[in-house]
1. So what are the radius of gyration and Dmax for the Cα set of the protein assembly as shown, in Å?
2. Show me you know the interface measure: the accessible area buried between A and B, both chains summed, probe 1.4 Å, in Å² to the nearest 100.
3. Going by accessible area, probe 1.4 Å, with all protein chains left in place, what is the ranking of A:VAL158, A:VAL73, B:VAL295, largest first?
4. I need the per residue convex hull volume for the range A:1-64, using only the alpha carbons, in cubic angstrom as a whole number.
5. So for A:ILE145, B:ILE49, what's the accessible-area order with a 1.4 Å probe, most first?
6. Based on the Cβ-Cβ distance of A:ALA22 and B:ASP259, what FRET efficiency does E = 1/(1 + (r/R0)^6) give at R0 = 22 Å, to the nearest 0.05?
7. In square angstrom, what is the accessible area per residue of chain A with a 1.4 angstrom probe?
8. Most mobile of B:LEU337, B:LEU208, B:LEU160 per a Gaussian network model of chain B (Cα springs, under 10 Å)?
Amino acid sequence: MSENKKVYLQPTPVRIWHWLNAFGIITLTVSGAQIRFPEYITLLGNYKSVIYLHNTAGFVVAISFTFWFFYYVFIARSMANLYVPKVEELKTGLLRQIKFYFLTYFLGWENPHHPTPKNKFNPMQKSAYLAIMFVLMPLVSLTGIFMTNVEPLRGVIVMLGGLKILMNFHFLLACCLIAFLPTHMYLTTLGHTPLEHIKTMWTGWEEGEEEVSGSEHIGTVSTR
Amino acid sequence: MNCFYIDKLLPMILGLMLFFMPCSLLAMDADYCLMCHGDTDMVSGSLLIEATTFDTTAHAILGCTTCHESIDDEHPNGDSKLSRATCLDCHDHLGQEYMMTDHANYATCGDCHNPHEVRAMDAMAGYDMNDKCFKCHEVPAMVDLHKQWLPQANLHIAKLPCITCHTGSEGYEIVLNIVAKQDDRFLSRYELPDYQTLQEISGEAGILSLIDNDGDSFITLRELKAFNRNPKYRDLRLAGTMVPSDVSHDLSTLDNRYDCTFCHVSGPQSMQTSFLAIPNRDGGYQRIQVEQGAVLDALYGTPDFYMVGTTRSASMNIIGLIIICGGLVMPVGHGLLRFLTRKNRQH
């Protein structure tokens, strides 16, 4: 129990964005389920109000996504560094991280990745977030925007193969995002204490490790 | 039954009686009148009655004099205006229903129906029923009016007959129309083509053969898919709409149209029955039965007809469920191993 240093990992805009998004995506999931299965799910009032809610939440998430994107690209200027895995990371880091999560974690070893503000995601997180934030989120937002403007965008929708293909695509993309939620929430409990990572997302500060292990910190200066 | 008797049977018997009436009157009937009234050299404007159109309407059976009883030999030189039967004489039930509504103060039967061009509801394409309403209620104004409470009002007004929402009908039917690309422009609109246009595309085999490959006057899902994927028909698509299943002239609006339950919360079982409306030579339409559940097909049955809530495809639901369950593999599997090996992490 020697050192207990803190790292400021999640700046305020990112935290606001995260919780806005979390709330938005849960709203979208529940309202989306009611829109698709209205005979069985009636949690959020009548059909009309649930459509309005879904559309509003969709726009909020899409806009907050845009802000998030611009924040990282233009203000924090760390988008590529944070989210795009480097070749070397893909070659060795990814395997090492997979090995940790699926093997050495059970043996009680330390996480080989130590998050720092400049490199807060491990290679596995990077790959997953890359797929989610740069493929799934934009596509689900885009198909959603198309579906809230069917009449004005009819020509484009026909070109894409029709309303049904668009709808099914939106649905399956949403299912992929929903599938990610349990994994995401589960992984947050893999810190030193189950609530550690969740606290970080709330306060911004990540507790420094109690034990210092010899693993390398990719691309940053160690805080210890 | 009662309503059928009053609305259909009685006028029909009446019509038939008149139809078989002997000589003098018959001689003066339709063909005779249309010699002048079907000829652009003789009459013009609203006096002109298209013979081919009138002959195929439900009123053809009545001839002309049933409704214009006071005709005499003087015509057209007589001084007195000819009599005109009122619709309520024969369409008692539907007429009374309409006369009870507020709308009777705003529009008469004749404002919506031309007595010489009447068609039954199932002899219409679907959206063309709105031509009646658009005479007084203009599209942009209607979009603005409905936008206040209706999501995607422009889409609803562009796709649905007004009477699907504004009548007392207990149910609806799905009607598919063949629509054609209007021009070669990129993102061109698709509109309802007339008989000639489709006839040119289909050639001798007839319009129905575009989709009904085996000629049995029944459209299967397989035939729909073949049509939708046939590169030859790239400029044709299938548009879907919903029309009331019962004729009602009560234009007041029911709650289930206001809270969307009528169409969107009625479940996939309400989307089983559908028809294809094919234009006839005479300007009317005929409805061809489509295989049960065809509009619920995931992709190629009716690619442009999707109604949130009701046309969800069961196979897509299953794929979605598998994806979501896939997301549970990690927490459940990993969590279990984590629990079993918890001792290793107690430092």
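The values are calculated or read from the model by the stated rules, or taken from the named source; none is laboratory data. Because the structure is predicted, anything quoted here is derived from the model rather than measured. Don't worry about glycine lacking a Cβ; one is built from the backbone with ideal geometry, like all the others, and counts go over all protein chains shown. What goes into the accessible areas is simple: the full protein's heavy atoms, side chains included, and nothing from ligands, DNA or RNA. Shrake-Rupley method; radii C 1.70, N 1.55, O 1.52, S 1.80 Å.
1. When restricted to the Cα atoms of the protein assembly as shown, Rg and Dmax are 33.3, 120 Å.
2. Working: alone 13660 and 22060 Å², together 31320 Å².
Buried surface at the A/B interface: approximately 4400 Å².
3. If we order A:VAL158, A:VAL73, B:VAL295 from most to least accessible, we get A:VAL73, A:VAL158, B:VAL295.
4. 109
5. I get A:ILE145, B:ILE49, largest accessible area first.
6. The computed FRET efficiency comes out at 0.15.
7. Values: 11400 Å² over 224 residues.
In whole numbers, chain A has 51 Å² accessible per residue.
8. Judging by the Gaussian network model, the answer is B:LEU337.
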